[in-house]
Structure formats: structure tokens, C-alpha cells
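Colleague: Quick one: the structure is below, questions incoming.
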């Protein structure tokens, strides 16, 4: 894809996300309809659904022949990364959205024949839109974002997952202890954006494709590494423990996990 | 103390905190001087010290005969809560201040003969100033804050401490598991302000006097409970595991801890 074409697409997607944010803020003024998906800790609201509906509709206009994978299932059934694939999370951190009205994100990742191409993470209440990809660089609210320093695990705060830390999966307690301290926000989008901004040295959580599709594009563009917790490459169509970190922190974490 | 006099004091302290915030923001544009206190996870910076110096100086002007207890030791040695006592934390969440340039707070608590009288928590980067006390109510940026709903532990997110969760002190893992999920921000001030705002159903951490002096005043004013982790009353001149929660969540937590 030509850089010029990508730049236009990038502008169009950012415009869609700003419109989506305005709609979500308006809906937050009204009563939410909340239901449980798999458990009392896994929620979905009318806003997740209506926002996915909106994003799918808008992306179809932009890229009619693409496949769209959405968390709430309002897009396509996607079984291959061939061609143009959009992966979207309309509200990431729904628990926070419901109980805090803060600390949630919208995310869109764009892959072309499996290649990470464009990524978007929008911290809705903080009004910080991370956007870009390998050919364009990364911006925050349209200002260029510099790559974070390659800090070692011992010199940074670490983004943890509550369940993994409590149950000490993947040596999460030892990893957190080796870092300057664990932080748990409850939104992959927000925590990955903090890694991008250099506020965390890494983030490890059990993630589904829409939780890290956008973050992978942005992180790799900034020289961060994205892998499974054992260091193997991620697969964009499956779920698992995913690590997003500086190169130095990744090396230390792989040593702890093995 | 007359309500009128308290209102004047309340306005004066808020003005001092806004001035303090402006100074801290200006200092953040320059190089920080960071040193370790008790360990690599316990930092102090030139800004903690200069801001405590400023706050002590300003509070002395306002209340010349009071005693002032400050985290960095630039106030008085305080061995009794008799008379007027100000307890201040110039930068709460210094680790976040250094590594995230976000998620830190300034706090001031005011006690008269041991009675919680005025409290201030300023989320510096979020620009949210929680202020008030039992005779004045609580405001956020001068707008009245309603008391949060008395949610049970099972229906809210829980503010945890990293070390207590990792080492499972005080059954912190069971408490977090019973809630809708743990959140770890790394600043007592920010996490207590989230309890005040109804975004967390409670917060448990090992705290020193300046970590909870302000929060106790504000929380009790809003009908929340503040106690040691065994349910006993807190002592403002000693450190320990302190729980700030809704009444319902406190009942559930005391059952888990015992």
C-alpha cells in the first residue's frame, strides 16, 4: 500500500474514532444496559454493541472488501489473515466503563496479508489518541511520539493483570517483584498505551485478538517487542498470554518465565 | 471552630494547593534530582522536598501555633494530636511522579485535638482537587460531591497494594478475588480519591500517617469507613494496614481477614 494512501486512511480512521468518542460520551449521560457474558467479571453494555456497530459500518465504507473482526461479533467470521483485516474493540475495559466511567479505550488494528499496518488506541476519558504504523510512525493526538527508552525490567513499573498476579500464572509475582512495582488498570488498551508512552516497562496479560491487535502495530513501530509469554510469535487469530515490553525487559521476563 | 472560620481556612488551603500545583508542574519541565530513601522502590525528589517546604511555610502563615507533620521531615516532630495538627504529603506516589509523570497527588489533613476537621487530596495531572470536612461537606474542584453508594465488595472494584497482593498479606488475594477485580495505581491519594468518587468500593494498603490523614477526613465525611484492617480505630501518629471502604465492603472484608 502506498504511503500516500496509508496517510489518507490514517486520517479517515482517526476522524471515525473521534466521532465514535463523541457518541460514547453522549451515551454515558444516559442509563446503561449492562449484561454478563461469561461471568460476573465479564460485562457487555449497549454502548459496546452500538459502538461496534458504528465502527463496522464506517470501516466498511472505507474499505468495502476487507474483513472485520469485532469483539462483540457484529463484523465477520475471520479465519485467515489474508487480505485486508480490521480487528476492533469498541470498548476495552468494559468493567471500568461501567463502574468507573473512566480508564477504558477503543481500539482498531489493521493488517494487510498478516502484516501489522495501522493501529489506534483511544483513551476515551483522557482524550489521548495513539495512532500510526510502521510506515507512518506513531502520533498522540497528531503529535509525533518518540520511541520509549529501552529500560530494563528493574528500572520500570510493570503492567500486570489482576487474575494472573493473584494466581501467580507465568511467574507474574516474580516479574512484578523484579520490576519497580506492578500496576493494574483493568484495560489492555490503557496499559499498552502506557507502555508506548514509556510509563510502564512492559505489560503481560491473557489477551484476545482485539485486546492487542492495535497495540501490536503501535508497539512494534516504536521498537518495543510483542510476543507470547514464552517468546514465540503471536498469532492474531488466537488468544493467549501476550507480553508487550521493551527489548531489555522482555529478555529479563523470558528468563524468569522459563 | 466556627463554620465561617473553617470556610475561610478551606478557601485559603485550596488556594495554597493550586499554587503548589502550578509550581510542581513548572518543576516537571526541568531535570529531577531523584534519590532512594529506604530501598530502590522508595524514592524522594527535589520536588517532594521543595513542595513540602512551600506547604509548611504557607500553613505556618495561616495557623502559626499549629504543629505540622510532613513526610519529608521539614515540619515539626509531632508526638501528640493535641491542638491544631496539619499532616502533609507533598508528593504522594513519588515512583509514579518519577516514572510516569502522572498518577500522583498532594495531600493535606487537618486535625483539631484529634478530630478530623479538613482534608485535601489533589490529583495533580487529572487536576481534581477533593476538599472539605465534616462541617463543610466534600467538593471536587469546588463542586459538591455526593456520597458514593454503599456497594458491597462483590459489586465493586477494589484498590489493592502491589506488595500486599503479591505476598497475600491480610488475605488481600481473597479480598481482590471476591471483588469485581483489583486495581493498583501506586498512589494512596489517587486510590482513596477513587473510593470517594465511587470508582472503587475500597482500598487497603500499608499506610503512614501522611498517606491517609487527608483521605480519612474526606472519607468519613462521605459516610465511608476508615479503620485498621482488623476493624480497630486508626491512630493518626502510627503506620499500619489501613482500610478505607464502603460500610458494606468493610463488613465483608473484616470477615475475610479474620
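The values are calculated or read from the model by the stated rules, or taken from the named source; none is laboratory data. Bear in mind that the values here come from a model prediction, so they are computed numbers and not experimental data. Note that each Cβ is placed from the backbone with ideal geometry, even for glycine, and that neighbours are counted across all protein chains shown.
Colleague: Taking residue B:102, is it more than 20 Å from residue B:213 (Cβ to Cβ) and either surrounded by 18 or more Cβ atoms within 10 Å (Cβ to Cβ) or assigned by TED's automatic domain parsing to the domain that holds residue B:214 (or both)?
Modeller: yes
Colleague: Against the condition crowded, with 20+ Cβ neighbours inside 10 Å, under 25 Å from residue B:222 (Cβ atoms) and either within 14 Å of another protein chain (Cβ to nearest Cβ) or at pLDDT 95 or above (or both), how does residue B:91 come out, does it pass? Write out each step before concluding.
Modeller: Values: crowded, with 20+ Cβ neighbours inside 10 Å: yes; under 25 Å from residue B:222 (Cβ atoms): yes; either within 14 Å of another protein chain (Cβ to nearest Cβ) or at pLDDT 95 or above (or both): yes.
Yes, satisfied.
Colleague: Considering A:156, A:162, which residue is free of Cβ contacts under 8 Å to residues at least 40 places away in the same chain, touching a strand residue (DSSP E or B) at 6+ places or on another chain (Cβ under 9 Å) and within 30 Å of residue A:41 (Cβ to Cβ)?
Modeller: Matching residue, one of A:156, A:162: A:162.
Colleague: Among A:186, A:198, which is facing chain B (nearest Cβ under 9 Å), farther than 27 Å from residue B:172 by Cα and either part of a loop (DSSP other than H, G, I, E, B) or in contact with a strand residue (DSSP E or B) (Cβ under 6 Å, 6 or more places away or on another chain) (or both)?
Modeller: None of the others qualify; the one that does is A:198.
Colleague: Which residues, taken from region B:201-218, are within 23 Å of residue B:256 (Cβ to Cβ) and away from every other protein chain (no Cβ under 11 Å)?
Modeller: Selection gives B:202, B:203, B:204, B:205, B:206, B:207, B:211, B:212, B:215, B:216.
Colleague: Then there's this: Taking the residues in region A:35-59 that are exposed (fewer than 15 other Cβ atoms within 10 Å of the Cβ) and touching a strand residue (DSSP E or B) at 6+ places or on another chain (Cβ under 9 Å) as candidates, determine which candidate is farthest from residue A:205 (Cα to Cα).
Modeller: Filtering first and then ranking leaves A:46.
Colleague: Test each condition in (1) under 18 Å from the mean Cα position of the chain (by Cα); (2) over 20 Å from residue B:165 (Cβ atoms); (3) within 14 Å of chain B (Cβ to nearest Cβ) for residue A:155 and report the one that comes out false.
Modeller: Unmet for residue A:155, out of (1) under 18 Å from the mean Cα position of the chain (by Cα); (2) over 20 Å from residue B:165 (Cβ atoms); (3) within 14 Å of chain B (Cβ to nearest Cβ): (1).
Colleague: Going by what's in this entry, would residue A:197 be described as touching a residue at least 40 places away in the same chain (Cβ under 8 Å) and buried (at least 24 other Cβ atoms within 10 Å of the Cβ)?
Modeller: no
Colleague: Let me ask something else. For the condition more than 20 Å from residue B:49 (Cβ to Cβ), touching a helix residue (DSSP H, G or I) at 6+ places or on another chain (Cβ under 7 Å), in the same structural domain as residue B:51 (by TED's automatic domain parsing) and surrounded by 20 or more Cβ atoms within 10 Å (Cβ to Cβ), what is the one hit in B:129, B:136?
Modeller: Result: B:129 is the single residue among B:129, B:136 that is more than 20 Å from residue B:49 (Cβ to Cβ), touching a helix residue (DSSP H, G or I) at 6+ places or on another chain (Cβ under 7 Å), in the same structural domain as residue B:51 (by TED's automatic domain parsing) and surrounded by 20 or more Cβ atoms within 10 Å (Cβ to Cβ).
Colleague: On to the next question. For region A:33-49, how many residues are assigned to a helix (DSSP H, G or I) and within 19 Å of the chain's Cα centre (by Cα)?
Modeller: Number of matching residues: 3.
Colleague: What is the residue count in region B:165-177 for residues that are assigned to a helix (DSSP H, G or I) and within 11 Å of chain A (Cβ to nearest Cβ)?
Modeller: Start the filter on region B:165-177 by keeping residues that are assigned to a helix (DSSP H, G or I), which leaves B:165-166, B:169-177.
Still in the running and within 11 Å of chain A (Cβ to nearest Cβ): B:165-166, B:172-177.
Counting residues in region B:165-177 that are assigned to a helix (DSSP H, G or I) and within 11 Å of chain A (Cβ to nearest Cβ) gives 8.
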